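See below for the structure under consideration.
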């Protein structure tokens, strides 16, 4: 080793890369925190599209911040986005848990659209796992929520999904 070069070039490059990654994560966290303070969704639909564009680490950080800040209007959409990310990675069990959290949080916050979307996704997972009865139950609830929201397109899409999969479409669900 040459005394003029006290650090190996490879180690310096790895260190520089790690520093750049750390700075990027801190910038994302600060931007997310600032955005959370500046915007509180007033509509029934939480901001989900922007969260979906983020990577998993940023979503996890955003969920942690929203939970710590008690942002009950933001959490259901974050859980839904994080569930989709987990599902895309093939982590179905983690996605199911996050979808259930999204459903509970959306129901508590009165966010019917997010609740319905999480129900559709949970029904799709149940169907893929070979549990059509549970899938039909989730889809039925989603269909009812879309009906309440007067979202004809989403309602009809869920209705078609139910018919395609042999679900009864005249159910009256109770005790849920």
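Bear in mind that the values in this text are calculations on the coordinates, not laboratory data. This is a predicted model, so every value here is computed, not measured. Using ideal geometry, Cβ is built from the backbone for each residue, glycine included, and neighbour counts are taken over all protein chains shown.
At a glance:
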quantity	calculated
Additional length obtainable on full extension of the chain from residue 164 to residue 8, 0.36 nm per residue less Cα span	49.9 nm
Highest to lowest packing among 156-162, 78-84, 95-101, scored as the average C-beta count within 10 Å	78-84, 95-101, 156-162
Calculated P(r) of the range 75-118 - Cα pairs past 16 Å, %	25
Mean Cβ count within 10 Å, highest first, over the residues of peptides 105-118, 17-30	105-118, 17-30
Potential extension, residue 24-residue 68 segment - 0.36 nm per residue separation minus Cα distance	13.7 nm
Two-site FRET efficiency, residue 16 against residue 151, from Cβ-Cβ distance with R₀ of 30 Å, rounded to 0.05	0.05
